[in-house]
Each structure stands twice: as C-alpha cells, then as structure tokens.
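Only one structure is covered here, and it is reproduced in the block below.
Read-outs: derived from the displayed coordinates by stated rules, not from any lab. The structure presented is a predicted model; accordingly, all values stated were derived computationally and were not measured. Virtual Cβ from ideal backbone geometry, glycine too; neighbours counted across all protein chains shown.
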Amino acid sequence: MRVDGSCACGAIKVEAEADPEKTNICHCTDCQTATGTAFRVSVPVAGETLKVTGTPKTYLKTTAESGNPRLQAFCGTCGSPIYSTSPGDGVQPLYMLRVGILRQRDQFVPRRQIWWRSARPWVTRIASVPRVEKDK
C-alpha cells in the first residue's frame with residue numbers, strides 16, 4: 001500500500017510502498033535506547049519506492065550483537081526517527097521505515113516481534129496498567 005508521513009515538525013516527509021503484513025516490533029536494547037522506550041515498530045520498504053523530502057540527519061550505529069553497521073536517519077530539528085538502512089552511497093535495497101511517522105500507522109499492526117529476549121518484562125502486562133483517556 002502507498003504510505004506517507006512526516007516527522008513531528010514536518011521538516012522531513014516520506015512516501016513509500018509498504019506491506020502492513022511485514023510490520024515488526026524490535027525489542028533489542030539498541031532500539032530501546034534509540035527510542036527512549038521499550039521497543040521500536042518498523043516496516044521494511046524497498047529503496048526504489050521510498051521518497052524523502054528534506055534532508056534527515058544520519059549517524060552510523062554499530063549494532064550491539066552482530067557488529068553490523070546500520071545507518072540511522074532522523075530529523076535534525078525535532079529528533080523524530082525516520083528509518084534505518086545499510087550504509088552505502090545511493091539508494092539502498094531496503095529501509096526500515098518507522099511506523100510512528102506514517103499517517104496510516106493504524107493499519108500497521110505488528111505481525112512479528114524480534115529480539116524478544118531483550119523485551120522489558122512488563123511489556124506483556126501493559127493491559128493491566130490503569131488508563132487515563134487523555135492527559136489533564
């Protein structure tokens with residue numbers, strides 16, 4: 001399906017083709033640190049379908065366990081994560097697009113959880129946490 005979205009401040013915009021059936025949650029400690037929360041939700045998109053308007057900031061992250069480099073892209077103004085990919089010049093074959101920036105985010109229900117061994121123990125019990133409809 002065709003998706004579009006932007007970072008929180010609107011400086012970076014994206015369009016791509018993405019398959020909601022491939023949405024995943026990553027519980028690795030790198031994703032926990034990068035998001036400042038318990039996990040990251042992403043969907044793979046082919047490089048030839050990804051259009052980015054604006055220039056994201058990037059940094060090269062060596063992944064904790066594999067030692068593989070991953071290029072992480074984010075908005076330099078608001079800090080919103082945009083995608084990750086393998087480093088290299090030009091269009092990469094695959095980008096992991098961050099679902100939270102997509103207007104169609106509700107249609108991207110995770111179908112797989114990876115790095116479960118690093119999941120925070122409370123993740124499976126979150127339904128029992130008291131809820132408030134909105135902040136006061």
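Tabulated values for the structure
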quantity: Charge sum, other residues only, whose C-beta stays under 11 Å from C31's C-beta, Lys/Arg counted +1 and Asp/Glu -1; calculated: +3
quantity: Charge dipole (debye, nearest 20) of region 2-119; +1 at Cβ of Lys and Arg, -1 at Cβ of Asp and Glu; calculated: 240
quantity: Expected-Rg normalisation [2.2 N^0.38 Å, Cα atoms] applied to the chain; calculated: 1.07
quantity: Inter-site label distance for K134 and C78 at 7 Å from Cα along Cβ, in nm; calculated: 1.8
quantity: Y59/R120 FRET efficiency (R0 25 Å; Cβ-Cβ; nearest 0.05); calculated: 0.55
